[in-house]
Structure formats: C-alpha cells, structure tokens
Amino acid sequence: MGKQLVLAEKPSVAREIARVLGARQGQGGYIEGPRHIVTWALGHLVTLAEPEAYGNKYRTWSLEALPMLPDKMELVVIPKTAKQYSVVRQLMGRADVDELVIATDSGREGELVARWIMDKAGFRKPAYRLWINSQTDKAIKDGFAALKPASQYDSLYRAAVCRAQADWFVGLNVTRALTCKHNAQLSAGRVQTPTLSMIVQREEDIRRFKPLDYYRIAALASPVGGARGGSTRGAGAGGSASVGAGGGVGVGAGAGAGAGGVQQFTLVWQDAKSKNARIFDKGAVEALVAKLAGKPGKVVSVKKHKRVDPPPQAYDLAELQRDANRKYSMSSKATLSVLQGLYERHKLVTYPRTDSRYISKDVAATLADRLRAVNKGSYASIAGAILRAGPRVTNRFVDDSKVTDHHAIIPTEQPMNMAALDNDEKRIYDLIVKRFFAVLCEAGDYEETDVVADIAGERFVARGRVAGNPGWRVVYAGGVGLSGGDEQGGGDGASDADEDGDGEDDLDMRGMGAGTGGAGGTSGADVAGSTSGARAGKKGQAALPPLAAGDALDIHSVRPVAGKTKPPARYTEATLLTAMEHPGKFIEDKEMRQVIESASGIGTPATRADIIEKLFDSFYVERGGKSGKEIIPTSKGRQLINLAPEDLRSAELTARWEHRLEQIANRRGGPAAGTGAGAGTSAGAGSGVGGASGAGKKAAAVTGSRDKASAVAGDAAFINEIKRYAAKLVSDVITSSAAYTHDNLTRDHCPECGKYLLAVNGKKGEMLVCQDRECGYRKSVAVVSNARCPNCHKKLTLKGDGDSRSFQCVCGYRERLADFEARRESTVGRREVERYMAGQSQAGRSGDSLNSALSDQLKALMAPNATEKNTDR
C-alpha cells in the first residue's frame, strides 16, 4: 500500500497536520511518515501567465496591442517560490504516492491554490478533499476520517478560475489602457473601481451638501400636583436633555427632580400630520413659541410596550472586521491577518473567511466543549453560568440551511491561553468570545412608554424606557474579558455615523436622546451636545413620571432648539465593508437590487480587505478626518473615477458578476458522494469511495458527465462575456477625451529618471513617488512613528533629512532626533526598547518605507529604507 500525499497551503499548517498524522521526518520542503507525506504551498505557487507570455507584442505597454484576449490562459510557476513548486511536483510523481489530499484553506481561493499546482504538475492520481472549520487536533482527525472526493469541489475550482480570469481580462486590459493613455500609474479592476467609485461619490455628496438651519421646540413639563419620589437622573448628564448632533433635542424624556422634588421631563413638538419634529422656517417657530407661552398641557395618550432585546448574531468575517475597526481602529487587512493567526497558529477560532452567521446542528452539539475551553479567568463567570443553564440555542444561531461551506466564527474546543497572545490577538479573540457568549444568552427586555400631549392645540411627544431583564447585555456590562467592554456588544452592521445624509431626518423617537433638568436647572433647549441621537437614545431613555390620559401638565418653559442638517458621513473601513456587502442602495433597478442583496455584494469576505488595502497602497484614498479613520479620496482617486469607463464604476455590474460566480461555485457538478463518483480531479478520476456498482454506477457516470459538460459550457459563456466587456472598456478608455493632471507635482526631481516627483500620503506618512510607472522610485519624507509625544501622547512624526531630522506633533511639540535618542537611552529599559524595535520591524515587513536614524543604537528605531522600487500595474 502506497502513501498519501497531503498538500497544505502554508508550512505552519503542514507541520500541525504532520504532527497529528504521525509524520516526523523533516525533509527539504516536506515532512514524511509511515503512511503520509505532508508538503505545502507558500500561498500560490502557480498563477496565470503575464501578458508577455502570449507574444512579444505585449512586452511593451502600448494602446495598439490592446485588448489582450488570449484564447487559452496559460499557467506559470511563480519564480520566487519555484523551488517549493519543484518539491511538490516531484512528490506528486513519486511511485509510492497513491493519492493526494487537498488540505489548503477550505474555500474558493484555497481550492485554486491546490488545483493549479495539480494541473501544472500534471497530477492524475485519485484526489480527496480535507474540509475543516478549525485547526484543532480533533478537527484534523475528524476531517481525515471523512475525506470527500475532490471532484465534489470541481464547481468551487471552476468558480475560482472564472474569478481569476475575469480579473485578468478586465484588470490588466483597463490598467494598461489607462496607464498608456495618460502616462500615469493608474490601475482599475472589477471590484476595486466600483468600490473607489462609492467613496468618490460619497465625497462629492459631502462637497455639494448645503446645510440648512432648522429648529425643534422643547417643552419642560411636569404633572400638575407633582409626582414625587421619582427618578432624579435623566439620560443626559445630571438630568440634562441629551441633544443629538446638529442640535436635535431628545424625545425620550429622562425624569429629573425640579424644585420641591417634582419630577419633570421634556416634550418635543411634532407635526400632527407628518410627525416631523423639525421646522425650517424661523418665523413659524417664533410664532409657535409665542402661541405656546404660558399655556398648560394635557396628556392625550400613554402607551406602554414590552420590547424584546434579542441577542446579536454570531460573527462572520465582515461583521468582525467592522467591530474591530470601530472599537480598535484596526484595518480590515490587519483584522484578517490576526484572525488567521488565531485560526492557524493558536487554533482558538474557527475558519475566518466565512460569510455565514450560523452554525449547523452537528456543531451545536459541541457548544458545551467550546464553553469549557473559555471557562477561565474573567470569562468564567459568564461561561459557567451558560454551562449551568445550558446554551440557549435558537434558529438565529443554528440553521443548517444557512450554512454552506463554512459556519460562523466561534471559539474552538482548544483551551485558551491568553498569555500566549499578543495585544491584537487578545482584542480580536475577546470580541469573538464575548459575541459567542452573547449569542448563547437569553434575550433581554425593557418597557417603553410613548406619551402624546397637547399644548394649545399642538402635538407634543415624549418617550421613556424602564430597563427590565438585561439578558445578553450582561456580557458587555464590564468585568468580563478585556477591560473597556463594548457597551452595545457590537452593532450587527450598524454604522457609527449616519450614512444617509442629514442625520436626524431618518431618526424616529427611538433614536433620540433623553432627559431634562428640573425647574431652575437646565432645559434641553440650552444644551449643546455632540452625541448622536441614535446612540444617546440607546443608552439613555429614562423612566417617565407616572402619567395617564387626561392628566394635566404644568409647562415650565417652551424654547426653540436650533440645529443644522448634516452631510452624509465619510466612509470608515467599517461602513465601507457594509456598503460593499450590501450595494443595493446604489442600484436604481428594484428587481436587480433584490437579486444583488441575495448575493454576496461587491467582492467576497476573503477579498474585501485586500481591495481596501490596495486603494490605500495605490494612493487613491487616504485616512483623515477628526477621528483619523475616515476614508477620503485623493485627487488621483477622484480623477481615476472620471477616467474609468462608466460601466466599470457600477456596483450593479460587479455585484451581478459575483452572483454569477456564486452560482458557479454552488453548482455541484457531478454526482454526490456515495453515488459512484470517482475520487479524481477535473483532470482525471480515480477509485470511488462508497460507490455503487453495475447499472447504477453507469447511470451516475452518464449524469455526472452531462452535468460537467453543462457546467463547463456555462463557465465558457461567462468568460466570453467578460472578454467582450473588457474589449468594450478598452475602447471606451481609448476614445475618451478626459485628461489626467498631476496636481500633486513637486519641484523635486527623481534621482533615477529625472522626472518631477509626486507628493502623496502613504499609510505611515508623507512620501515622494516618481510619476513614471516604469521607474517606480519612492522616498519617505515624513513618517508617523511609534514614539509618543510627552505632552499629548499622540504618535510623533519624524521629518527632515540627516542631522536636521526631528520629531513633530500636531500639538506643536518638537524634538531633535539626537535629543530623542539621548532621552530614550537614559529613560527606557532594554525590554521596552525591544518591544519598540519589534513594532518598527513589523511596520517594515508591512511594506512601508521608513527612514532610519538609529541603526547604530536601536537598529532602525524609526524607519527602514529611504527608497524602494514599486511597480503599480
């Protein structure tokens, strides 16, 4: 009996699989045991050939050579990983290897990694698929006990090929067309360009926005005779009214103690017909306030509602990236990288690249084991309580029909060891564990009271809230996991700023702040707040005084509250991920909008982080704004959207393609396992697993052949459509009269080609880059370091050259580099220096260009190379 060759995606994963399988003998590029040989890729070892491989005419970038539409796409070995490919190819050809197990990441891209290697190496032996959702020993053992024929995943492979080829045809053709036409480093892509278009469109909406003044009318009221002994604190600080951003006073009235202890609350005027609380005519406001002055009030109705506060859903990748960005300002790319480490190296979480927020019934059976794994430290109180009561499982969490390739991101059965995690790993793991707890807790509840009152024939409203069972919110109440808990336990996709425009137009009473001071205190009309109404409403609607229909009200004051309409908020990475996931709002066609909302949107959970990162790397967008998290398009980005063909900017078209790719991936061509299907790849079949015999086997083969032929024809139709579209895009670029201008041109010459350099903002500071694509020179001139300002503690920026280099802070603090060196040498210990150096080393590995002035003493404390080559295709 021969050996089983196992192909993992990374060396770290291969080592773990080898250990579980009992393979111990390390060789060059693989690990061998009695029954198994475990080897690995290094990401992709094989890729689609560059245009130059299809003829000399493509070696030079020129408009005359476009479009590039080869009939058959070629695969080539990636030069920098060619040595490992050679090892894998030789292993595949060994006489004692009987079969292959594909153990790359369980997803579309992981399937492509393995299949392209197999295709290029000409592998024809039986192949099987290891499909697991975690990297624990148990998951690996269970996975090898339940291997499936690789042919069951042929459709996933075809979808990956279609995606790769579509990106080649569209991306390379349009990028070359734009670059050659405008002699600038410009690039475009099937997903990148519509994403950038959304950012640019949002910025245009903000620039065109003209704020309008408006008013709300707030009345400070209390029951006649005075309900006493009530709550003495409203939702606002000290019982003051909470005013939403833009000046909107809260409707949910917090009860404050006025003179003599009479409980008071705020009523807000509301148009009886439209229910709108805002008035844009100042004269009408003044007339209304005069009409209401000194008039008594009367309660028209009091309605109480018992509200259920359901737990949030479990994390998928996009939701976790959103929360990490909102809470810790982590980029989508950084979150995915940390998550991958928790999955592969620490084995603490399940497969990260998932778009599902559900688990299957068989996974639900393991919940107790997963809870025991995190039943430690400050998590023990919640984990122990859930274990004693039994995990609360509902169809909001367990639903087989909503789990496809992977389930939601949850902890594994691997016992946690927080001491082994770095700071970012602890943060992400903490988010996952808390969300896991919240999902398994019972729903909370509260009582909401809506009051309608009449003052001189005008309608006024208030809303109060009495907390009931906190339910799942105890997880975020503090004392569990990391300090500074997320008070709302994540947003389930809610943005941290208004997305639609002028803010409070879309807020109902539930989204307004609460609370007023008592008589002689501060009324809501006097408060100038900045907390968003939506957030204040969630945090602070307090109880109203006891009221009933017909009750008379004392009205202590009636005042207008001025505000301004707000522009739409700029995207952050959190809100951009949401927009990419749900692009329906950008599509006018209602039917198409519904189709796209049922698909995965623009890009996939696994690729969106890379797309956003590429926008920054290409200098199309930069971070800014008051929070430093807002995504702002640069001049280059805005111009690119004007230069790119209109069709390519469309979220509708790109999302439709993603929908087509999903259909290809979910089209399980060929018979299912156990029906006699061979365990071969698309290139050939091997021995069946649990197969039928005789007529049944023959019928299954015929059916599988037809299904496969149909699938291949469908894939070809999709690629032909992409080719036609790429040709049209190239034509649109060539015939366009639009021009590109380098409006960030400096007077500094490139030391390599002599052309003027461009000033850009990189991820770590200001840079100078050459405008010539073929040159690609770049130099860092100002670097945001890890050093902190001694005054305001913000990160210092290192500027200047040579001995003139100095640190500068936005607060005005300045310090020469030499003085900084001396101060750090005298005040920090060796361990702190090592940590500091490690942080800078990590920045260097991320590709940022940094200038070093401390190489002699702290080994590039601030920054590595001053220059590097870059090619932006």
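Which residues among the range 342-379 fall inside the zone where the amide N is under 16 Å from a point 7 Å beyond the Cα of Ala443, along Cα→Cβ? Within reach of a label on Ala443, which here means backbone N under 16 Å from a point 7 Å along Cα→Cβ, the range 342-379 contributes nothing. In the range 1-106, what percentage of the DSSP-assigned beta bridges are antiparallel, given to the nearest 5? Rounded to the nearest five, the antiparallel share is 45 percent. Taking amide hydrogens as placed 1.01 Å from N in the peptide plane, the amide H of Lys125 sits under 5 Å from that of no residue at least 5 positions away in sequence or on another chain.
Net charge near Arg129: determine it from the other residues with C-beta under 12 Å of the C-beta of Arg129, scoring Lys and Arg +1 and Asp and Glu -1.
That sum, taken over residues with Cβ under 12 Å, equals -3.
Amide hydrogen proximity for Val46: with H placed 1.01 Å from N in the peptide plane, the residues at 5 or more positions away or on another chain lying under 5 Å are Ile78. In terms of the mean number of neighbouring beta-carbon atoms within 10 Å, the peptides 543-549, 712-718 order highest first as 543-549, 712-718.
The slack between Glu752 and Lys590, meaning 0.36 nm per residue of separation minus the straight C-alpha distance, is 53.0 nm. Each Lys or Arg adds one and each Asp or Glu subtracts one; over the other residues with Cβ under 13 Å from the Cβ of Leu544, this totals 0.
Taking 29 Å as the straight-line reach from the Cα of Lys181, the lysines in range (excluding those fewer than 8 positions away in the same chain) are Lys57, Lys72, Lys614, Lys636, Lys723, Lys728, Lys755, Lys763, Lys779, Lys869.
Which order do peptides 463-475, 725-737 fall in by mean Cβ count within 10 Å, highest first?
Values: 463-475: 19.5, 725-737: 17.2.
So the peptides 463-475, 725-737, ranked by packing, come out 463-475, 725-737.
With 27 Å as the limit on Cα-Cα distance, the pairs of Lys148/Lys333; Lys304/Lys361; Lys3/Lys138 that go past it are Lys148/Lys333; Lys304/Lys361. Calculate, for Tyr54 and Ala95, the FRET efficiency according to 1/(1 + (r/R0)^6) with r their C-beta to C-beta distance and R0 51 Å; round to the nearest 0.05. E(calc), rounded to 0.05, equals 0.90.
Maximal additional length on extending the Val810-Ser635 stretch stands at 60.6 nm, based on 0.36 nm per residue less the C-alpha distance. In order along the range 28-45, the Karplus-derived 3J(HN,Hα) couplings, from 6.51 cos²θ - 1.76 cosθ + 1.60 at θ = phi - 60°, round to x, x, 7, 10, 10, x, x, 10, 9, 10, 10, 10, 8, 8, 10, x, 6, 9 Hz, and Gly and Pro are given as x.
With 0.36 nm allotted per residue and the present C-alpha distance subtracted, the Asp137-Arg307 stretch has 56.8 nm of extension available. Karplus-based coupling profile of the range 327-340, in residue order and whole Hz: 8, 10, 6, 7, 5, 4, 5, 5, 4, 5, 5, 5, 4, 5, with θ = phi - 60° in 6.51 cos²θ - 1.76 cosθ + 1.60 and x standing for Gly or Pro.
Here Arg35 and Lys361 are evaluated by their C-beta separation; at R0 = 45 Å the FRET efficiency comes out at 0.85. Near the amide H of His36, within less than 5 Å, lie the amide hydrogens of Gln4, all on another chain or at least 5 residues away, with H placed in the peptide plane. Highest mean packing comes first when the peptides 578-587, 94-103 are listed by Cβ atoms within 10 Å, giving 578-587, 94-103.
Throughout, read-outs are computed from the coordinates displayed, never taken from laboratory work. A quick note: this is a predicted structure, and the numbers were derived from the prediction, not measured. No Cβ is skipped: glycine too gets one built from the backbone with ideal geometry, and neighbour counts run over all protein chains shown.
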